[in-house]
1. What is the distance, in nm, between label points placed 7 Å from the Cα along the Cα-to-Cβ direction at residue 247 and at residue 186?
2. Would you work out the relative contact order for the chain, in percent, from Cα pairs under 8 angstrom that are 6 or more residues apart?
3. What net charge is computed for the residues neighbouring residue 36, neighbours being all others with C-beta under 14 Å from the C-beta of residue 36, Lys and Arg scored +1, Asp and Glu -1?
4. Count the DSSP beta bridges whose two residues both fall in the chain, then state the antiparallel fraction as a percent rounded to the nearest 5.
5. How tilted is helix 186-195 with respect to the longest principal axis of the chain? Cα atoms for both, answer in degrees (0 to 90, nearest 10).
6. Rounded if a/c is under 1.5, else prolate if a/b beats b/c, else oblate: with a ≥ b ≥ c from the C-alpha gyration tensor eigenvalues square-rooted, which is the stretch 149-248?
7. If exposed means no more than 15 neighbouring beta carbons inside 10 Å and the site is in a DSSP loop, what's the longest run of the chain without any exposed trypsin sites (Lys or Arg not before Pro)?
8. Calculate, for residue 217 and residue 72, the FRET efficiency according to 1/(1 + (r/R0)^6) with r their C-beta to C-beta distance and R0 45 Å; round to the nearest 0.05.
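Where a number appears in this text, it was derived from the coordinates with a stated rule and is not lab data. Nothing here was measured: the structure is a model prediction, and the numbers come from that model. All Cβ positions, glycine included, derive from the backbone under ideal geometry; neighbour counts span all protein chains shown.
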Amino acid sequence: MLDLPASTLRGWHRRYRVPAGHGGSGRHRRYPTGDIQALRRMKELIDHGMSAQSAAHQAFHTVRPTTGELLAAVSRMDTDTAVALLEAHIRTHGVVHTWQTLCRPALNHLGGPRATDADRCVDLVHVLSWSITTALHRVPVPAPTGPVVLLACVEDERHTLALEALRTALALDGVPARLLGASLPLPALREALRRTDPAPRALVPWAHRPTHLDMVTDLATPGTRLLLTGPGWPTTHARSPTDALSLLTP
């Protein structure tokens, strides 16, 4: 089942406290289903480049990844562990819940308004951001069909991670989405709308910082919904990926 020699399992048991199964008839040992699933997960993490020690801890000794564990991995520049923690949380709790309860708190701790000494944590913010993006891109999604949703940051807005989470969550719900990236000038947004055929079902401009409505008011087109998303807009809108997802899916 694992395509591993018995000697490897015995070595993992000695070195990393991996369960060794229970004595059965003769010389055989029996593994419960939970241990088999954890062993599969450990092997998968190792195949993706994680050390055997980190993989054993993640597969057997971490029930629910926490913000503290994620930040500890980021502080060590251990992107393998950070990505694995995020992937495990996504598999158990879903993309939106992971964004709200794990990613956002970790980002706010390093670079939010209450962060201490944020200037010295820019490298860690970048490591965390890369880990979040990588974990989201590894989520297996079905092939969505139908008109796309265009996701874009307004001009001078470079926070793309919330849109990355929204793109993945939409794809899991069967809604195709295209992320146009950070700091998109108004003429580029107009051209993106013109080039998309058939017309997109929605355009979702994201603003994290305070943003004037006149930047996007003329982008509304027949058949394409304009959904302002993010905390920077001064009017009623979807403040988070969770709000946007509920408005863009049936």
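1. With each label placed 7 Å out from Cα toward Cβ, I get 2.1 nm.
2. Contact order relative to length: 12 percent.
3. That sum, taken over residues with Cβ under 14 Å, equals +2.
4. The antiparallel fraction comes to roughly 20 percent.
5. For 186-195 against the chain, the angle is about 80 degrees.
6. It is rounded, given that a/c, with a ≥ b ≥ c, falls under 1.5.
7. 159-238
8. With R0 = 45 Å, the Cβ-Cβ based efficiency is 0.50.
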